[in-house]
Amino acid sequence: MTKDINKEKFTEETKLKLDIFRECFREWFPVFLHNPYISRIYIYDLFAGSGSDAQGVPGSPIILLQEAMGNKKQHCIYLNKNGKPLVVFGFNEKISSKKLLLEDNVSKELSACQYHCSLSECAFSNSCNFESKDFKELIQNQTILSVLGNKNYGKFILLDQYGFKQITDEVFLKLINSPKTDFIFFIASSSIRRFKDEPSVKAYFKREKISFDESRPKECHRSITNYFRSLIPAEKEYYLHSFTIQKGTNYYGLIFGSNHSFGMEKFIKVCWAHDNFAGESNCNINNDFDKDSLFYNPLGTNKIQVVKDDITNHILAGDIEDNISGLKYALKYGCKPKLFIDVIESLLKNQKVKIDGQMNKTASNIHSAKLYKIRLL
Ligand SMILES: C[S@@+](CC[C@H](N)C(=O)[O-])C[C@H]1O[C@@H](n2cnc3c(N)ncnc32)[C@H](O)[C@@H]1O
């Protein structure tokens, strides 16, 4: 029987996971809040738990609520003034006693906030909806499906499952094919690796599509991410990135998905703030020199070097022909787009390429960067 995460003190690794959830949502929410084409924002936490750990430390639903308010209530103030978009929370927790506790915790959070609030109306007092359903059933629900399919609604989906069995290929495909929908899910990757030949795992993953390198257990979450990546149709522009969380000999992880480069820019920023070696783990996944070493070089870590070399080679082979493709390449390989700028500047300096059009150093909001072409010399 799985232990109840909310009945104990959150471990350091759980806190890291929650910090990443928090920072990811903190980046995501204002983008949709201030988008005039978005009429509603849906925030679904579909394995919500009871709202806190045994010591009252907030769990994901409370974290999402706090971030939607903003640390200086700036989002409440904006919503009060603007009157839109409508913000809706959907919290689901299968165990009904935990769902009741969650309702109580959310209500206490809102009351405590309202007690000190000078705004005339609370933007969130009627925003929270609670369900106690099995996720598998809920994700087939017509209301949820029509919300997911609506391109005027921004959706943030948090799936903090136990284990690995809930995010099936079908669920994943549903999420990546939903417009204006970003998601983040947790997955116990080492359990999949450990039990890869057992029927319980084979029933969920097409074994032939996962390749674990037994000599590199640290990389098992990467392999699982690659499994999900392999499900994305080749012609689809989609961004997927993962963060590995080591706990003892086990490796867990988060997988974030967005169909917009800006969504991924935001997530990459959060990941690199937690791991300045590779932006993808709490365990120095590429065995870089650590911070106490004489050879520690945060600007030239193994990951940075590999991706820079790749971008250079692709430019020189004529596969990356313009800045937008170069910026997106860096992003797709889990690096900040700025890496491309470093590469192109070095190629220009060494007279390997020329720019057709106006050179610019835009490395954020890359969807609106001005295009220039790269010509080989
Ligand atoms: C990892 S915990 C979530 C913790 C929560 N995110 C937090 O920060 O406190 C997973 C939760 O999902 C619930 N759960 C397990 N199976 C479920 C299912 N099939 N559908 C919905 N909820 C489920 C569990 O009862 C548990 O509370």
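Readers should treat all values here as calculations from the given coordinates under stated rules, not as data from a laboratory. Note that this is a predicted model, so its numbers are computed, not measured. Glycine also receives a Cβ, built like all others from the backbone with ideal geometry; neighbour counts cover every protein chain displayed.
Quick look at the values:
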quantity	calculated
Degrees separating the helix 220-230 axis from the principal Cα axis of the chain, which is the longest one	80
Fewest-first sequence of Met264, Met69 by Cβ atoms within 10 Å of each Cβ	Met69, Met264
Per-pair calculated FRET efficiency, R0 = 45 Å: Ser293 and Gln161 via Cβ, rounded to 0.05	0.75
Sparsely packed chymotrypsin sites (Phe, Trp or Tyr not before Pro) within segment 260-353, loop by DSSP, other Cβ within 10 Å at most 10	Phe295
Cβ-based exposure ranking for Thr225, Thr14, in which fewest neighbours within 10 Å come first	Thr14, Thr225
Calculated from backbone phi, Karplus (6.51, -1.76, 1.60) coupling profile of segment 125-135 in Hz, x at Gly/Pro	4, 10, 8, 9, 10, 10, 9, 10, 10, 6, 3
Between helix 261-274 and the chain: long-axis angle, C-alpha atoms, 0 to 90°, nearest 10	90
Segment 5-274: relative contact order in percent, alpha carbon pairs under 8 Å with at least 6 residues between	19
C-alpha long axis of helix 96-115 to longest principal axis of the chain, angle in °	80
q = 0.16 Å⁻¹, segment 6-123: log10 I(q)/I(0) [Debye, one scatterer per Cα]	-0.79
Estimated translational D of segment 113-254 in µm²/s (Stokes, Kirkwood radius over Cα pairs; 4 °C; 1.567 mPa s)	75
Sparse-neighbourhood loop sites, trypsin sites (Lys or Arg not before Pro) in segment 127-221 - DSSP loop, at most 11 other Cβ within 10 angstrom	Lys151, Lys206
Computed E for Glu208/Ser125 - FRET, C-beta separation, R0 30 angstrom, nearest 0.05	0.05
Of every Cα-Cα pair in segment 134-189, the percent that sits beyond 14 Å	53
Segment 27-75: trypsin sites (Lys or Arg not before Pro) falling in loop per DSSP and having at most 15 other Cβ within 10 Å	Lys72
Largest-first principal axis extents of the Cα set of the chain (Å)	66, 53, 44
